[in-house]
Every structure is written in structure tokens, then in C-alpha cells.
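Asker: Attaching a single structure in C-alpha cells format; questions to follow.
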There are 2 protein chains.
Amino acid sequence: MPAHRLDPIDRKILAELQADGRMTNVELARRVGISAPPCLRRVRTLEEQGFIKGYHAEVDSRELGFEVQVFASVGLQSQAEADLRAFEDRCRGWPLVRECHMLNGEVDFILKCVAPDLSTFQAFLTEQLLTAPNVASVKTSLVIRCAKDEPGVPFDVLEERLSRTA
Amino acid sequence: MPAHRLDPIDRKILAELQADGRMTNVELARRVGISAPPCLRRVRTLEEQGFIKGYHAEVDSRELGFEVQVFASVGLQSQAEADLRAFEDRCRGWPLVRECHMLNGEVDFILKCVAPDLSTFQAFLTEQLLTAPNVASVKTSLVIRCAKDEPGVPFDVLEERLSRTA
DNA sequence: CAAGAATATGAAAGATTATTGCGTCGATGT
DNA sequence: ACATCGACGCAATAATCTTTCATATTCTTG
């Protein structure tokens, strides 16, 4: 856990930029309590060291016509490393698959998929996913509604944890 | 699907900002082929109309010490709307739960959770989630590795779809 | 404990960018 | 054909970003 190379100011910077990635550097500097130049240097360092992997606009997919979200649990026939890699590569090539996580337990993978409508997803399911090599079973669950969607780090938990260690 | 109020330039703006949310407005304008002022006006409009819901830095949670990711499938005893809402509210209050989606099928909810280590998650599981009111069953799956994680809109699919309709 | 090295800071200046105001062009509809 | 409306681009101003540099702080080392 190499979060120890980060001081409280760095963590505050990460928390602020996670909440608002387009914040002005002067505003960011004001919030973390230092002046603008060192603040910008810290941000650049955090980017170079990989703590910040990028910046993204959060686009409303439903407004853009992607009204269907589906979680798909996938079981494979062979769990040999080469076969796992092959399936992961295939997922990376499917634009409707936005996330692909390998799991322990009976299910090998869970996929988060999006689609403009149900028929589009059904077509993808039957023509691509179900017919892909090595796929043994697929169980899909439609997302009825999303109650919480805040990817990222819970900085409040991190701070509380560090304060108890210190 | 009100994506029809968006012309190709707007969609290009959304795609570019989704890929790089801190892109300079002049660079963005150059890429979409218009000058800076109207480009900024379009971005502001997209923000006001809700197509852009925010900007976020992508922070590496593992580098910050959150090495455990878990998907939890939750079944409730009562699916009355009030009880569903109550569980969703509880999820919003748990910082370790980053996503909460209500599903169709046998599983009522799927949660994406993070934790610094397994014991922290186990404590959350046994003391918070399993003992929460109305929770009937919880099945957890540890994430072994993540092959793809690109939340957002597949703009290539959108463009191809629009070109076929036109 | 003191001296020096390494690192981080803040002020100032110059370069880049964001933002406003305004005149012009093209599309729409009467 | 003409007026209206909306969007564009140019120019100017305001704000921000980014570098430079001198100083202060911390950490190491003798």
C-alpha cells in the first residue's frame, strides 16, 4: 500500500479532482491550502506516478439513447490462462461491453453491458457472446434502476483509516 | 431518445471530453473543426442540458490501498417499493459500496464494493450488509482481475447507428 | 548539534487559455 | 423576396496556466 508516499495535501488534491476533474488549478490550490505553482507540480507528479490515470467527462448514456444496461455472468469451459486471456481480449473488442471483471467462485466473469435497446442487446447476446468460443453459460440481468454510481475511491474511509494508524 | 437535438459536432465534443475531460477548449475546438468561442458555448449548453453530468479524475484505487473489489448479489425479503428505497438509501450511506443497481430476476440488487483488505470487507459484510433489515441473502464474488473498465458511452456504436438511420 | 544537501514553497513574469461583445453569414418561414 | 433567428468567427479583455528564481524548510550526515 504505497499511499504512504502521499501527504495529506496530495490526498486532498486527489479527492478534489475526483469530485470535480475540471477544477481550476488556482481553485484547487485555494482548497488544499497552498499556492498555485506547487499545487500544479503536485498534480503533474500524481499524474506521472499513476495515481491519476486520466480525466473523463461523465456523459449521460441514457440521454444519448443507451437505455439498456445489463449485467452478464459468464462461465467458461476452460479456465486455462490462455483461454481466460482470449475471452478478455474478445470482451475488449466488444464496444457494448463496458466492463469485464474476472471473479472467483462459480461465475468466471461478470460483464457490464450497455445497448440502445433490448433487441440490440439480444442480438449481441445470441450472435456474439453466446457463440463465442469457450463460453459455457451466460446469465443476464437487466438493470431496473441505478441507486448509486460513484466509481472511485472513498477518501473519507482512507482518511479515517490513516488517522487511526498514525 | 433525445440525442436528435445533437448534431455531429456535439457528439464529437462529448466523445472527446469523455476520452479526455481536461482537454483545453482550444484543442477541443480544433479537433471538432470549429473555433473556440462557439465550441465553449456548445460545451456549456451540453452541461446545462445534462448531457455532461460532471468531470472526474480517474484515481487508481489500488495505488491508494484499496486492493479488494467485490461484487455482491443481494436478495431482499420484501420487494415493496418502500423497502427497496430503504435498502437503496442504506447503500448510499455505505462508503464501501460504490455502485448499487436494482436488477430483474432472482437477484434484487448487485453492489460493487471496494475495501482496503479482505478483513475490512468481511467486517462490513457481516456487521453491516448481512445484518441490514430486509436482507435475505448475499452472495459475494471477489474480483480477481479487471480486464476492461471503460464506463461511459460507446460513441462508435452511436455513430454507426445514426448513420444507418440517416 | 551543526552544516550542507535536497526538496518544497511562494512571488513575479510571460505565455496560453477562457470569455465576452459584435458583425456577418446561412437557414427558416412568411 | 424579405425579415427573423440562430450559429459562427474575429477581436479584445480577463483569467488562468506555467516557468523562473530566490527563499525557507526538512532531512541527512559528519
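Asker: Can you tell me, using C-alpha contacts under 8 Å and at least 6 residues apart, the relative contact order of the stretch B:1-134 as a whole percent?
Answerer: Rounded, it is 20 percent for the stretch B:1-134.
Asker: Helix A:155-165: angle to the longest alpha-carbon principal axis of chain A, degrees 0 to 90, nearest 10?
Answerer: Approximately 60 degrees, to the nearest 10.
Asker: Okay, moving on. Distance between the C-alpha centers of the stretch B:17-34 and the stretch B:98-155? Whole Å please.
Answerer: After rounding, the separation between the Cα centres reads 35 Å.
Asker: Still on this model: Rounded, prolate or oblate, given the Cα gyration tensor of the protein assembly as shown, with a/c below 1.5 counting as rounded? Before the final figure, lay out each step's value.
Answerer: Working: a/c = 1.62, a/b = 1.09, b/c = 1.48.
Taking the square roots of the gyration eigenvalues as a ≥ b ≥ c, the protein assembly as shown is oblate.
Asker: Follow-up. Find the chain B residue whose Cβ sits closest to the rotation axis that carries B onto A, and give that distance in whole Å.
Answerer: B:21, 3
Asker: Going 7 Å from the Cα of residue A:48 along its beta-carbon direction, which residues of the stretch A:1-41 have the amide nitrogen within less than 12 Å of the resulting point?
Answerer: Answer for the stretch A:1-41: A:41.
Asker: What FRET efficiency comes out for the pair residue B:9/residue B:89, r = Cβ-Cβ distance, R0 = 35 Å, nearest 0.05?
Answerer: Plugging the Cβ-Cβ distance into 1/(1 + (r/R0)^6) gives 0.30.
Asker: Right, another one. Report, to the nearest 10°, how far helix B:81-93 tilts away from the longest principal axis of the Cα atoms in chain B, using its own Cα long axis and a range of 0 to 90°.
Answerer: For helix B:81-93, the angle is close to 80 degrees.
Asker: Roughly how many nanometres apart are two label points built 7 Å out from the Cα toward the Cβ at residue B:145 and residue B:119?
Answerer: 2.8
Asker: Turning to a different aspect of this structure: Treating only the Cβ atoms of Lys and Arg (+1) and Asp and Glu (-1) as charged, compute the dipole magnitude of the protein assembly as shown about its Cα centre; round to the nearest 20 debye.
Answerer: Dipole about the Cα centre, nearest 20: 760 debye.
Asker: On to the next question. In nanometres, what is the gap between the two model label sites at residue A:36 and residue A:160, each 7 Å from Cα along Cα-to-Cβ?
Answerer: Placing both labels 7 Å along Cα→Cβ, they lie 3.7 nm apart.
Asker: Rounded to the nearest 500 deg cm²/dmol, what is the calculated helix-only ellipticity per residue at 222 nm for chain A, with -39500 (n - 2.57) per DSSP H run of length n ≥ 4?
Answerer: For chain A, the value works out to -11500 deg cm²/dmol.
Asker: Are there cysteines in chain A with no other Cys C-beta under 4.7 Å, and if so, which?
Answerer: A:39, A:113, A:146 - these cysteines have no disulfide-compatible partner (Cβ-Cβ under 4.7 Å) in chain A.
Bear in mind that the values in this text are calculations on the coordinates, not laboratory data. If you're wondering where the values come from, they're calculated on a predicted model, not measured in any experiment. Every residue, glycine among them, receives a Cβ derived from its backbone with ideal geometry; neighbour counts consider all protein chains shown.
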